[in-house]
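K.L.:
Before anything else, here's the structure in question.
The values are calculated or read from the model by the stated rules, or taken from the named source; none is laboratory data. Predicted model, so just to flag it, every value in this text is computed and none were measured. Note that we place each Cβ from the backbone using ideal geometry, even for glycine, and neighbour counts take in every protein chain shown.
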Amino acid sequence: MVLQNDICKVNISIDTTYTVESTDNKPYDLVINPRHLRHNDMYKTFSIQIDLFSKTISIALIGDFYSYDKDCAVLEDEILTILQNNAIVQLNINDGTMIYFKEFDCFGCNYGIYRVQNGYIIYGEIEIIMLDFNFNKKWSFSGKDTFVFMSEKKAFELCENSIKLHDFEGNFYEIDFSGKLKSEG
C-alpha cells in the first residue's frame, strides 16, 4: 500500500522473512511490537518505509497474523493510522514512534480501514465497524454471510453517502454511516 501527502510518502508491505527475536532480520530503524509477540506466536510483520524527502525511516511493525496490507492505513498530516486485524496503531511520521495503540472487539478478520467524516470505517470479514476518532466502537453491521464475494461484484464499496456490501451468498446490503440498513436485496 502506498500513501502520500505533502510531508511524506509511505509504503507498507508484508515482510515474510522477519522473525521476532532473531538477529538475522533485515535492518530496520525501529521495531515496534505493541502486543509483545514472541518467536513462537502467530504474527505478521508490516515493513513500513516513510520517505520524508530529506530522510527515510524504516519500521518493522509486528502484529496479528491475520493482518492485510491492501487497505491497512490512513495518512493524515503527521499521523499514520494502521489497522492490524483487531488493533489500531498510530505512528508519528516524523520520527516513526508509536503514539497510540488500541485493540477492539470484532468478529472475524478485518481487511481495511477508511477515514470518514465521523471517524473510521473498518471493513471486516463478518462485520462492518464504525470507530470514532478515539477508536471506540460506535456500531457494527453484519449480513447473512461473510462480506467476501467470489464474482465480479465488490464485497465492499465505500460511497459518498453509504456503504454497499455483497455477502458470500450474493445478498446485497446498503447501509448509511450510522449503521442503518438503507436497502437490501
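K.L.:
Checking Phe53 against (1) among the hydrophobic types (A, V, I, L, M, F, W, C); (2) modelled with pLDDT of 95 or more; (3) not in a strand (DSSP E or B), only one condition comes out false. Which one?
P.N.:
It fails just one condition, (2).
K.L.:
Identify the single condition in (1) over 22 Å from Leu83 (Cα atoms); (2) loosely packed, with under 12 Cβ neighbours inside 10 Å; (3) modelled with pLDDT of 95 or more that Glu174 does not satisfy, given that it satisfies every other one.
P.N.:
Result: Glu174 fails condition (2) only.
K.L.:
In segment 12-34, how many are without any contact (Cβ under 8 Å) to a residue 60 or more places away in the chain and either surrounded by fewer than 16 Cβ atoms within 10 Å (Cβ to Cβ) or out of contact with any strand residue (DSSP E or B) (no Cβ under 8 Å at 6 or more places or on another chain) (or both)?
P.N.:
Within segment 12-34, residues that are without any contact (Cβ under 8 Å) to a residue 60 or more places away in the chain and either surrounded by fewer than 16 Cβ atoms within 10 Å (Cβ to Cβ) or out of contact with any strand residue (DSSP E or B) (no Cβ under 8 Å at 6 or more places or on another chain) (or both) number 13.
K.L.:
When you scan segment 104-148 for strands (runs of 3 or more DSSP E) that lie fully inside it, which ones turn up with 1 or more residues that are within 15 Å of the chain's Cα centre (by Cα) and over 17 Å from Phe177 (Cα atoms)?
P.N.:
In segment 104-148, 110-116 are the strands (runs of 3 or more DSSP E) which contain 1 or more residues that are within 15 Å of the chain's Cα centre (by Cα) and over 17 Å from Phe177 (Cα atoms).
K.L.:
Pick out the one residue from Leu61, Leu80 that is touching a Cys at 6+ places or on another chain (Cβ under 9 Å), buried (at least 17 other Cβ atoms within 10 Å of the Cβ), outside any loop (DSSP other than H, G, I, E, B) and not aromatic (Phe, Trp, Tyr).
P.N.:
Within the list Leu61, Leu80, the selection yields Leu80.
K.L.:
Still on this structure, please answer the following. Take Ile99 and tell me if it is within 30 Å of Lys55 (Cβ to Cβ), more than 13 Å from the chain's Cα centre (by Cα), assigned to a strand (DSSP E or B) and not hydroxyl-bearing (Ser, Thr, Tyr).
P.N.:
In short, yes.
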